[in-house]
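Report on the structure given below.
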Amino acid sequence: MLVATAYCTLLERKLLAGAQRRKGPNKVSWKGAAQPLADALKLLNKERVVPSRATKSVFLWAPGFALCASLSSWFVWPHWDEAVYCFSFVVPVYFCLTSLHVFGVVLAGWASNSMYAMLGTLRAIAQTISYELPLVLIVLGLCFQVKTFSFLDFSVVGGYGMNFLWLDLPLFYVWTILSVAELHRAPFDLPEAESELVSGYNTDYGAVGFILLFISEYANVVFVGQMMSILWLHSFWWFLKVIFGCLFSGFVLLLRAVFPRVRYNSLMEVCWKGFLPFTIVWFLFLFLLNWV
């Protein structure tokens, strides 16, 4: 998992290089294949600096908490070992675990006692709360259609050739936008907007702390890609889950080269006035349809 996350950085740099008609990393090993390892070694050798104004204890362990929160989400991913992941109400557990992601950002920004970091933290909190509500409604609506709260049953449905990507195609577009905003990825990367907040919540982090925050962010990208293959394509075979998930993760990374960063007020407005009413109406429609 950590290796896949590390190579997400190389994939992103290669995609951005291709979009800008240049080669990208190509000096370390064959075609730059060992570039993530070289970057990790360089950062590990950097000096760990704790700002004098920071709350030292929280500042030091906040990146570790962020990484643990990101990796904990993988407990709900239905592996091919069905005996471990057969409990029926895994979807509520999924909501609880994914809601922990923002706490690492909050702790890192608050402990820095920096204005830039605090502004990035406040943006992350508001953005997560806003976009998590319609995401929860969409996933619950899909559960109503499958009549289960187990991700393993989603894969079983896929074994019969059924998937929701074509049945609910407009909703899939909405889910994709909401997921990118929930991940704080471009063009919705307002919590760490370089042109406004230097680097946002991780402005004061370097060396190991920066590595852990970086890995936690890309681990979330990989996880959301895998969840897409389960929720929408219902991939029955584990290798199909991996392939579809990697394609979606690459799409999320490529958005950074395609769209400019949106304004913060526009981001909040489109959620509360657009996505949230739409998902509420759709959820009520599915609820009444299943009730009748």
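The values are calculated or read from the model by the stated rules, or taken from the named source; none is laboratory data. Quantities reported herein were computed from a predicted structural model and do not represent experimental measurements. So basically every Cβ, Gly included, is an ideal-geometry build from the backbone, and we count neighbours across all protein chains shown.
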## Note on the structure
Thr148 passes all but one of the listed conditions (1) among the hydroxyl-bearing types (Ser, Thr, Tyr); (2) over 18 Å from Phe275 (Cα atoms); (3) part of a helix (DSSP H, G or I); the exception is number (3)
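Collect the residues in the stretch 267-292 that are β-branched (Val, Ile, Thr), surrounded by 13 or more Cβ atoms within 10 Å (Cβ to Cβ) and free of Cβ contacts under 8 Å to residues at least 24 places away in the same chain, keeping them in residue-number order. Don't jump to the end; show me each part of the working.
Within the stretch 267-292, the subset β-branched (Val, Ile, Thr) is 270, 279-281, 292.
Retained after the next criterion (residues that are surrounded by 13 or more Cβ atoms within 10 Å (Cβ to Cβ)): 270, 279-280.
Within the stretch 267-292, Val270 is the sole residue that qualifies.
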### Query
What's the number of the condition Ser88 fails, among (1) modelled with pLDDT under 90; (2) among the polar types (S, T, N, Q); (3) under 17 Å from Leu60 (Cα atoms)?
(3)
### Query
Mind checking whether some residue in the stretch 153-160 is acidic (Asp, Glu), at pLDDT 90 or above and crowded, with 17+ Cβ neighbours inside 10 Å?
no
### Query
So is Ala19 surrounded by fewer than 19 Cβ atoms within 10 Å (Cβ to Cβ), hydrophobic (A, V, I, L, M, F, W, C), modelled with pLDDT of 90 or more and farther than 30 Å from Asp153 by Cβ or not?
yes
#### Entry: Listing of helices (runs of 4 or more DSSP H) fully contained in the stretch 220-292 that carry 2 or more residues being over 26 Å from Leu100 (Cα atoms) and modelled with pLDDT of 85 or more
238-258, 276-291
### Message
I'd like the full set of residues that are buried (at least 16 other Cβ atoms within 10 Å of the Cβ), of a type in the set (Phe, Trp, Tyr) and either closer than 24 Å to Glu192 by Cα or over 17 Å from the mean Cα position of the chain (by Cα) (or both), limited to the stretch 239-266.
### Response
Phe248, Tyr264
